[in-house]
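Just so it is clear, none of the values below were taken in a lab; they were calculated from the coordinates. The structure displayed is predicted, hence computed values, not measured ones. Note that we place each Cβ from the backbone using ideal geometry, even for glycine, and neighbour counts take in every protein chain shown.
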Amino acid sequence: MILHKALEDGGQVEYAVSPAQIAETFAGTIRFETELLTGNTLYIGTEGAKKLVIEYRPPTKTALFLEGSETPVVVPLPALVMARVTVGNDSPRYGVYAVKARPETVDTPLFHSPLPNTGMGSGGGVCWGNVRKSSAETLAGNRLDEDWQLLLGSVFTSHSVHGKSKRFPNDVRQHFIDLERRKARKYPVSDLIAVKATFGQLLKETIR
């Protein structure tokens, strides 16, 4: 493809460029984002090659495998929010948080996810260990079903287990064992630890 540039003296200069170069240039200037959506997909945003998808998971009883046991604990989990950021072919980045209700406004407060191996670093990052990455088809799409399955189907270790439960501040896994022993039907949201951030702040920090 040839681009032409007009000069002040009336002449022209020709530049040979590839369609891929043009697409890459324009992609870096295009931004798209939704408002808060209905259903479990809360938000989709793109900026150049970067894409952010945020999904809501309602409170659900879930079987969790804890390191050292071949039998899962079956416990109620609070409502959760997962954010996935992809940039081209780079490995995706994730954030997982708990919420007391489905986010309906950007002012919805976030809480630490009670799941081990989440909340790594200063945010809600996930330590995946040797868990396989979601398929290329999933990463190109706008659904997080496979990501949730990989996370919740993994073995939860001793990584990032402290500071996630008021009753069991040293190891949230003890909370899961206690919930199963008591046959709890709902996760006690009063036990969640606040992140001191809102859903809107998550959007701003993640899409940057």
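For the reader, a short list of remarks on this structure follows.
- Packing-based exposure ordering (other Cβ within 10 Å, fewest first) of Ser160, Ser91: Ser91, Ser160
- Gain upon complete extension [Ala140, Phe65; 0.36 nm per residue less C-alpha separation]: 24.1 nm
- Spatially proximal lysines relative to Lys51 (Cα-Cα < 21 Å; intrachain offsets below 8 disregarded): Lys133, Lys204
- Efficiency of FRET from Cβ geometry, Trp128 and Ala194, R₀ 25 Å, rounded to 0.05: 0.50
- Qualifying aspartates and glutamates (Cα of each under 15 Å from Cα of Lys166; at least 8 residues distant if same chain): Asp178, Asp191
- Positive-end extreme of charge dipole, the stretch 32-207 - chosen from Leu179, Asn40, Thr108 (charges on Cβ): Leu179
- Distance distribution note for the stretch 32-207: the fraction of Cα pairs above 30 angstrom is 14%.
- Calculated FRET efficiency for the pair Phe32/Arg185, C-beta based, R₀ 30 Å, to 0.05: 0.15
- For a straight C-alpha distance cut-off of 16 angstrom, the lysines reachable from Lys183 (same-chain residues fewer than eight places away being disregarded) are Lys61.
- Counted charge near Thr60, where neighbours are those whose Cβ lies closer than 14 Å (Asp, Glu -1; Lys, Arg +1): +3
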